[in-house]
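Beneath this line is the structure, given in structure tokens, with notes to follow.
The values are calculated or read from the model by the stated rules, or taken from the named source; none is laboratory data. Note that the structure is predicted; figures quoted are calculated from it, not measured. Positions of Cβ are backbone-derived with ideal geometry, glycine not excepted, and every protein chain shown enters the neighbour counts.
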Amino acid sequence: MTLKPQNPLPLLLHTVATMAGVACYLTIPSASAATLIDLDFNSGVDSFGNAQGDLVFKGLQGFEVTFTDDNSFGSVGGDANGVHITNLNYGNRKVGSSDLVLGAFNSFVWNHNYHSSGIVAQFNQGVTSVQLDDTDDDRTVKALFAFNQAGDLIGQTPFRSGFTNPTPFFIDTSMTGGELIHSIEFDTQPGTAGGSFDGTVFTIDNFSVTGTPITSQSVPEPFSILGTSLAFGFGLLLRRKALKAN
């Protein structure tokens, strides 16, 4: 029995189309650093309309920052439930005004919140610098702690007090050994050791972040477009030859 040769056209077309049709996408980094976000909290809510809890703010080209508490569970104020945007005391030199601040969302005494837990900000990408104002009104010294993507402490500012005026705190990669900053904590000690265990208060304002924005763009590479066109033309040619052979 003589076997009739199989028509290779379907398999060949499938192979060429598969190879040519795979689109490749490019992630294009911005050429220079920029201000990724700049917050004064005076809107009263985050990017999703929330005023308390874990608050998320959207910035430049997909940048996001999430504010929460330090998870300390001390005798003053207890365990916070994230943060809140407020003009209430305690530890708020802007109390009662329309110039709102961000404070840890601890328990209340009358219409005052203890604001006794440290404030944590987590970023969805590494950044090069972070700045904020300490707006509490006591003499307790605090620092801005920086962490890498793994959660390791990589740097901190000197300890300072915001007693007399809102005190700016600034940290950048020159203070972290060149490592990008993935989160910060404003506290008396890093982690759960400070915060509500120290009996102090934490409110901040004028929070800004600098870094290199990353824009993910779905851009088919040139060879993908060219390859698809070649596959289509080559397929037509093979089909004509097959029809003539039959």
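Can you work out which of the residues in the range 24-51 that are at pLDDT 95 or above and not in a loop (DSSP other than H, G, I, E, B) is surrounded by the most Cβ atoms within 10 Å (Cβ to Cβ)?
Leu36
Going through the range 186-212 one residue at a time, which ones are farther than 30 Å from Gly62 by Cα and either among the charged types (D, E, K, R) or in contact with a Pro (Cβ under 7 Å, 6 or more places away or on another chain) (or both)? Please lay out each step first, then the result.
Step one: filter the range 186-212 for residues farther than 30 Å from Gly62 by Cα, giving 188-189, 193-201.
Hit for the range 186-212 is Asp198, nothing else.
Of all residues in the range 200-215 being at pLDDT below 95 and assigned to a loop (DSSP other than H, G, I, E, B), which is farthest from Val76 (Cα to Cα)?
Top of the filtered list is Pro213.
Pull up the range 164-199, narrow it to residues that are without any contact (Cβ under 8 Å) to a residue 40 or more places away in the chain and assigned to a strand (DSSP E or B), then point me to the one that is farthest from the chain's Cα centre (by Cα).
Out of the qualifying residues, it is Thr167.
Restricting the search to the range 141-154, which residues are touching a Phe, Trp or Tyr at 6+ places or on another chain (Cβ under 9 Å) and buried (at least 18 other Cβ atoms within 10 Å of the Cβ)?
So in the range 141-154, the residues touching a Phe, Trp or Tyr at 6+ places or on another chain (Cβ under 9 Å) come out as 141-145, 153-154.
Of everything in the range 141-154, those that are touching a Phe, Trp or Tyr at 6+ places or on another chain (Cβ under 9 Å) and buried (at least 18 other Cβ atoms within 10 Å of the Cβ) turn out to be Lys142, Ala143, Leu144, Phe145, Ile154.
Scan the range 87-108 for residues that are polar (S, T, N, Q), more than 15 Å from Asp40 (Cβ to Cβ) and surrounded by fewer than 18 Cβ atoms within 10 Å (Cβ to Cβ) and jot them down. First the steps, then the outcome.
Of the residues in the range 87-108, the ones polar (S, T, N, Q) are 87, 89, 92, 97-98, 106-107.
Retained after the next criterion (residues that are more than 15 Å from Asp40 (Cβ to Cβ)): 89, 106-107.
Matches in the range 87-108: Ser107 only.
Take the residues in the range 134-146 that are in contact (Cβ under 8 Å) with a residue 40 or more places away in the chain and not in a loop (DSSP other than H, G, I, E, B), then tell me which one is farthest from Ser32 (Cα to Cα).
First pass over the range 134-146, keeping only residues in contact (Cβ under 8 Å) with a residue 40 or more places away in the chain: 134-138, 140-145.
Of the ones still in play, those that are also not in a loop (DSSP other than H, G, I, E, B) are 134, 142-145.
Values: Asp134: 29, Lys142: 32, Ala143: 28, Leu144: 25, Phe145: 25 Å.
Per the criteria, the residue is Lys142.
Just checking, how many residues over the range 61-101 are under 30 Å from Ala33 (Cβ atoms) and either touching a Gly at 6+ places or on another chain (Cβ under 9 Å) or among the β-branched types (Val, Ile, Thr) (or both)?
Residues flagged as under 30 Å from Ala33 (Cβ atoms) and either touching a Gly at 6+ places or on another chain (Cβ under 9 Å) or among the β-branched types (Val, Ile, Thr) (or both) within the range 61-101 amount to 12.
Kindly list, by first and then second residue, each pair from a residue in the range 109-128 that is surrounded by fewer than 24 Cβ atoms within 10 Å (Cβ to Cβ) to a residue that is modelled with pLDDT of 90 or more and small (Gly, Ala, Ser), limited to pairs with Cβ atoms under 6 Å and residues at least 6 apart or on different chains.
Gln122/Ser183; Thr128/Gly211
Assigned to a loop (DSSP other than H, G, I, E, B), surrounded by fewer than 23 Cβ atoms within 10 Å (Cβ to Cβ) and not charged (D, E, K, R), is that true of Gln131? Show your work before the answer.
Working: assigned to a loop (DSSP other than H, G, I, E, B): no; surrounded by fewer than 23 Cβ atoms within 10 Å (Cβ to Cβ): yes; not charged (D, E, K, R): yes.
Answer is no for this residue.
Of the residues in the range 165-179, how many are surrounded by fewer than 18 Cβ atoms within 10 Å (Cβ to Cβ), modelled with pLDDT of 95 or more and among the polar types (S, T, N, Q)?
Matching residues across the range 165-179 total 1.
Quick one: His182 ticks every box in (1) touching a helix residue (DSSP H, G or I) at 6+ places or on another chain (Cβ under 6 Å); (2) modelled with pLDDT of 85 or more bar one, so which box is it?
(1)
Can you tell me how many residues in the range 60-86 are modelled with pLDDT under 90, outside any strand (DSSP E or B) and surrounded by fewer than 16 Cβ atoms within 10 Å (Cβ to Cβ)?
Total meeting the criteria: 2.
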